[in-house]
Amino acid sequence: MTPATRQKVLGLYRKIFQIAKKWQSASGQTEETMKEKEYIKNEARTLFRKNKHVTDPKLIEQCIEECEARIEIGLHYNIPYPRPIHLPPMGLAHKQGRTLRHQEKLRKISKPIYLKSHDEVS
């Protein structure tokens, strides 16, 4: 990892914890706010530790893009949790064999960048 990339990653890590410190839940309830603050901190720790040993520059860039996307989406919608994707009509059709594998492949390809690591951690 280059020093510039390292600084960018550490800056994102600090930014997430600053956001968590100032976070207010949409409901305004203290209990909900504390729960969301803890979620933000735990999610950041888990994902940053999980990707600690990544050395591929393209993969590092993807992780940085995902982090930035999740920060922007979380701040915009005031929801710390990843937003789910909406399945197309007939997305859950009971099909087997080749068609089912094709649907699964299309879902994986169409998954937004901000959800790439969420399924791996959950």
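For the structure I just gave you, tell me whether Gln96 is at pLDDT 90 or above, outside any helix (DSSP H, G or I), surrounded by fewer than 16 Cβ atoms within 10 Å (Cβ to Cβ) and not hydrophobic (A, V, I, L, M, F, W, C).
Numbers: at pLDDT 90 or above: no; outside any helix (DSSP H, G or I): yes; surrounded by fewer than 16 Cβ atoms within 10 Å (Cβ to Cβ): yes; not hydrophobic (A, V, I, L, M, F, W, C): yes.
No.
For region 37-58, which residues satisfy the criterion of being of a type in the set (Asp, Glu), modelled with pLDDT under 95 and closer than 21 Å to Asn78 by Cβ?
Step one: filter region 37-58 for residues of a type in the set (Asp, Glu), giving 38, 43, 56.
Applying the additional criterion that residues be modelled with pLDDT under 95 yields 43, 56.
Hit for region 37-58 is Glu43, nothing else.
The values are calculated or read from the model by the stated rules, or taken from the named source; none is laboratory data. It should be emphasised that the depicted structure is a prediction, and the values quoted were computed from it without experimental measurement. Glycine also receives a Cβ, built like all others from the backbone with ideal geometry; neighbour counts cover every protein chain displayed.
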